[in-house]
Amino acid sequence: MIISKKVEFSASHICRSERLSDAENQRVYGAASNPLGHGHNYIVEVAIEGQPDPVTGMILDLKDLKEILEARVLSVYDHRLLNREVEPFSRSGGLVPTVENIAVDIWNRLVGVIDPTGRASLFSVRVHETAELFVEYRGEGA
Amino acid sequence: MTVHLSRRYGFSASHRLHSQKLSEEQNRLVYGKCNNPNGHGHNYEVELTVAGPVDPITGRMVDLVSLDRVAEEQILQPFRFRNLNEEVEVFRTAVPTTENLAGEVDRRLRAIWREVFPEGPVLEKVRIWETERNICEIHPTYE
């Protein structure tokens, strides 16, 4: 059984790779390559897989999940410039904060801390960058 | 690592659900008000899901410029503000239900996919919303 929780954060980013020329950055990222940055209201859907506890009827305590998402994702990402303030995007030569890389990074921050008892596990992380674009990562090839 | 990216597009079009293989009465029974001889329209939404590894340099899994161009050329331009029954060849005979529309989008994309994306990613899923409550999903298969 899978249960999903949705949270939001707002952040700015610049989609530019230091390893590409200006022309290549423009071709690959288009308007998103603006060196001054731009932002989105991101929506993160976290899906958890497990069996409901026979006593509580819950796969995991959603209050705990809320706290984990707040501590591990929102406090890190919300109202930040990702290229400057959030690892693994902020270090020199770091990853480009595309929605693909954001989904993988959020997975990496959550996997292993969702439920220490092992009843529930992280199934997927879906990050919506706009109403027209989202990425899902299920830890494949991690 | 494999990620799954979904991109959504919209187009508006008109259609009439009417099968040449059914009688007038059967058509009315099967399709109800969608069988209105004058046709009607929808704001369709199409969601394409593609899957593959993330490029370590660009951080992208698919070239969105190419994906948008393919969607524009193969789906949006041929369908946008069209009467599907009259102006899209396949629907001169096939009934333009959401199911058949999803099948046609899948067929058009698969026909050019390898040429546009020779090294991946793969087209994993096509979803079409006819209305907010009427959605069809197809998982393309490759020979």
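Residue by residue through region A:101-135, note down the ones that are touching a residue at least 24 places away in the same chain (Cβ under 8 Å) and under 18 Å from A:Asn41 (Cβ atoms).
Let us first name the residues in region A:101-135 that are touching a residue at least 24 places away in the same chain (Cβ under 8 Å), namely A:102-104, A:106-111, A:113-115, A:119-130, A:133-135.
Once the filter is applied, which keeps residues that are touching a residue at least 24 places away in the same chain (Cβ under 8 Å) and under 18 Å from A:Asn41 (Cβ atoms), region A:101-135 yields A:Ile102, A:Ala103, A:Ile106, A:Val125, A:Arg126, A:Val127, A:His128, A:Glu129, A:Thr130, A:Leu133, A:Phe134, A:Val135.
Which condition does A:Ile48 not pass, out of (1) in contact (Cβ under 8 Å) with a residue 60 or more places away in the chain; (2) assigned to a helix (DSSP H, G or I), if it passes all the others?
Every condition holds for A:Ile48 apart from (2).
Say we look at region B:69-112 and pick out the residues that are farther than 11 Å from B:His15 by Cα and among the β-branched types (Val, Ile, Thr); which of these is surrounded by the fewest Cβ atoms within 10 Å (Cβ to Cβ)?
B:Thr93
Filter region B:14-50 for residues that are within 20 Å of B:Glu87 (Cβ to Cβ), polar (S, T, N, Q) and touching a strand residue (DSSP E or B) at 6+ places or on another chain (Cβ under 7 Å) and give the result.
Residues satisfying the conditions are B:Ser14, B:Asn43.
Which members of region A:12-57 meet the condition of being small (Gly, Ala, Ser) and either at the interface with another protein chain (Cβ under 10 Å from one of its Cβ atoms) or more than 22 Å from the chain's Cα centre (by Cα) (or both)?
Just the residues of region A:12-57 that are small (Gly, Ala, Ser), to begin with: A:12, A:17, A:21, A:23, A:30-33, A:37, A:39, A:47, A:50, A:57.
Result: A:Ser17, A:Ser21, A:Ala23, A:Gly30, A:Ala32, A:Gly57.
Go through region A:51-89 and give me each residue that's among the charged types (D, E, K, R), assigned to a helix (DSSP H, G or I) and out of contact with any Lys or Arg (no Cβ under 8 Å at 6 or more places or on another chain). Steps first, please.
Step one: filter region A:51-89 for residues among the charged types (D, E, K, R), giving A:53, A:61, A:63-64, A:66-67, A:70, A:72, A:78, A:80, A:84-85, A:87.
Restricting the remaining residues to those that are assigned to a helix (DSSP H, G or I) gives A:63-64, A:66-67, A:70, A:72, A:84-85.
Within region A:51-89, A:Lys63, A:Asp64, A:Glu67, A:Glu70, A:Arg84, A:Glu85 qualify.
Restricting attention to region B:1-42, and to residues there that are within 14 Å of chain A (Cβ to nearest Cβ) and not hydrophobic (A, V, I, L, M, F, W, C), which single residue is farthest from B:Val54 (Cα to Cα)? I'd like the intermediate steps shown before the answer.
Initial filter on region B:1-42 (within 14 Å of chain A (Cβ to nearest Cβ)): B:1-11.
Narrowing further to those that are not hydrophobic (A, V, I, L, M, F, W, C): B:2, B:4, B:6-10.
Working: B:Thr2: 7, B:His4: 10, B:Ser6: 14, B:Arg7: 16, B:Arg8: 20, B:Tyr9: 22, B:Gly10: 26 Å.
So the residue we want is B:Gly10.
Of the conditions (1) assigned to a loop (DSSP other than H, G, I, E, B); (2) out of contact with any helix residue (DSSP H, G or I) (no Cβ under 8 Å at 6 or more places or on another chain); (3) under 19 Å from B:Leu101 (Cβ atoms), B:Asn38 fails just one. Which one is it?
For B:Asn38, the failing item is (3).
Limited to region A:95-142, what total is found for residues that are among the small types (Gly, Ala, Ser), at the interface with chain B (Cβ under 10 Å from one of its Cβ atoms) and part of a loop (DSSP other than H, G, I, E, B)? Can you show your working first?
As a first pass, look at region A:95-142 and keep what is among the small types (Gly, Ala, Ser): A:103, A:112, A:118, A:120-121, A:124, A:131, A:139, A:141-142.
Narrowing the set further to residues that are at the interface with chain B (Cβ under 10 Å from one of its Cβ atoms) leaves A:103, A:124, A:131, A:139, A:141-142.
In the following step, the residues that additionally are part of a loop (DSSP other than H, G, I, E, B) were identified as A:131, A:139, A:141-142.
Result for region A:95-142: 4.
Out of all the residues in region A:61-89, which are out of contact with any Gly (no Cβ under 9 Å at 6 or more places or on another chain), more than 16 Å from A:Arg109 (Cα to Cα) and buried (at least 16 other Cβ atoms within 10 Å of the Cβ)?
Listed by number, the list holds a single entry, A:Arg80.
Bear in mind these aren't lab numbers, they're just calculated from the coordinates by the rules spelled out. For clarity, every value in this text was computed on a predicted model and none was experimentally measured. Cβ atoms come from the backbone with ideal geometry, glycine included; neighbour counts cover every protein chain shown.
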